[in-house]
Amino acid sequence: MKSIVGQPIKSVTELADGWANTAYCIVLSDGTPLVLKVAPAKDKPLMRCEQNNMRTEVEALRLVAKSANVPVPRVLSYDPSCSLVPCEYFIMEYIQGTPLNKIKASLSEEELAAVQEEIGVYNKRINTIQGETFGLLGRPERGRMTWKEVFHSMIEGVLADGEEIGVVFPESYGEIRRQMLRHFDALDEVKVPYLVHWDLWEGNVFIQDGKVSGIIDFERAFWGDPLIEFFFGRFGASPAFERGYGRSITTEGEQRRRLLYNLYLDLILVIECEFRKYTDQKHIAWTYENFKTGFEQLVTRF
């Protein structure tokens with residue numbers, strides 16, 4: 001690839017923060033920066049929840065750009081044919097700014113609260129996009145399932161990944177399933193599918209001049225319950241976010257659903273270590289301690 005949109009390429013730099021997809025910053029001859037994202041090779045081991053992520057991200061970005069006033073990069077080109085290169089890829093606008101997780105420590109309490117409130121506003125706008133069915137974007141085979149059925153399928157996919165690759169938890173897989181199923185009736189409260197980013201954590205929020213300049217990485221988006229969003233969870237909850245979003249978790253049903261959603265993420269954090277061949281023993285130990293916390297809360301709170 002020597003040119004894009006008729007412009008010669010001046011430079012290419014890999015952006016190393018991602019995992020499943022590989023991203024590059026491409027600077028054109030006129031100085032315009034763009035981002036190229038390339039899907040992983042077909043033989044790369046991925047968790048079930050990471051498969052077909054590029055198609056999901058492109059579809060979600062286009063939906064948000066069309067339907068919500070949210071600063072997301074515009075998709076300029078998408079090629080799923082694998083004819084030019086042996087992988088899917090797409091090209092999008094470059095977002096100016098710095099990920100929030102890299103500058104959070106330098107912000108005052110007031111500055112951080114202002115950013116969190118703004119994230120809440122944008123997250124709410126994403127979650128107001130209504131779908132026709134629950135489930136993953138681009139997966140019509142799941143179109144007639146309830147949210148409880150879809151979330152059950154998501155949980156089973158993660159647990160199957162763990163079982164197949166040999167991840168051992170402090171609790172048996174059967175006990176994890178049993179304890180989660182105790183709370184599944186709370187999922188019946190969710191009647192309407194809304195667009196969920198799900199991976200909207202601080203690393204995917206760009207900040208420039210104290211404001212949110214962009215939200216990226218919609219590759220795990222799906223139609224579901226907005227309360228599964230990261231900033232309603234154990235790691236990201238804050239009064240400022242809830243103020244911007246316009247709601248908090250109050251009822252018993254909402255609290256029980258959130259315990260399920262917390263443990264879903266806890267399971268992924270442990271299992272992905274094996275898929276990604278992490279060697280940082282401190283991080284691996286942290287994921288297990290985090291799982292223990294989430295599992296204990298699920299078992300004891302209700």
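When log10 I(q)/I(0) by the Debye sum over Cα atoms at q = 0.09, 0.12, 0.13 Å⁻¹ is calculated directly from the model, which label among [x] -0.47, -0.85, -1.01; [y] -0.51, -0.92, -1.07; [z] -0.58, -0.84, -0.92 fits?
The listed entry that was calculated here is [x].
So for the chain, averaging the separation of alpha carbon pairs under 8 Å that are six or more residues apart and normalising by length, what relative contact order in percent results?
19
Can you give me the accessible area per residue for segment 148-214, using a 1.4 Å probe, in Å²?
On a per-residue basis, segment 148-214 sits at 42 Å².
Considering the options 32, 218, 265, tell which one lies farthest towards the positive end of the dipole of the chain, charges being +1 on Lys and Arg and -1 on Asp and Glu at the Cβ, about the Cα centre.
32
Taking only protein heavy atoms and a 1.4 Å probe, what accessible area per residue, in Å², does segment 79-140 have with all protein chains in place?
Averaged over the residues of segment 79-140, the accessible area is 52 Å².
Full-extension gain between residue 66 and residue 299, please, as 0.36 nm times their residue separation minus the C-alpha to C-alpha distance.
That pair, residue 66 and residue 299, stretches by 79.7 nm at full extension.
Accessible area per residue, 1.4 Å probe, Å², for segment 11-71: what's the number?
Roughly 50 Å² per residue, with all protein chains present.
Going by accessible area, probe 1.4 Å, with all protein chains left in place, what is the ranking of 258, 247, largest first?
Heavy-atom accessible area, descending, gives 247, 258.
How far is it, in nm, from the label point at residue 191 to the one at residue 255 when both lie 7 Å from their Cα along the line to the Cβ?
It works out to 2.4 nm between the two label points.
Whenever you get a sec, line up 153, 81 from highest to lowest accessible area (probe 1.4 Å, protein heavy atoms).
81, 153
Considering only protein heavy atoms and a 1.4 Å probe, what is the carbon-and-sulfur percentage of the accessible area of the chain?
On the chain, the fraction of accessible area on carbon and sulfur atoms equals 50 percent.
Note down the relative contact order for segment 129-243 as a percent, whole number, built from C-alpha pairs under 8 angstrom at least six residues apart.
30
Please name which of 239, 204, 95 has its Cα lying farthest along the dipole of the chain towards the positive end, using unit charges on Cβ (Lys, Arg +1; Asp, Glu -1) and the Cα centre as origin.
Result: 95.
Fully extended, how many nm does the chain gain between residue 168 and residue 128 (0.36 nm per residue separation, minus their Cα-Cα distance)?
Length gained, residue 168 through residue 128: 10.5 nm.
Cα gyration tensor of segment 69-226, axes a ≥ b ≥ c as square roots of the eigenvalues: rounded (a/c below 1.5), prolate (a/b > b/c) or oblate?
It is prolate, given that a/c is not under 1.5 and a/b is the larger ratio.
The values are calculated or read from the model by the stated rules, or taken from the named source; none is laboratory data. This one's a predicted model, so the numbers in the text were calculated from it and none came from an experiment. Backbone-built Cβ (ideal geometry, glycine too); neighbour counts: all protein chains shown. Ligands, DNA and RNA are stripped out before the accessible areas are found, and what is left, the full protein with its side chains, is counted by its heavy atoms. Shrake-Rupley method; radii C 1.70, N 1.55, O 1.52, S 1.80 Å.
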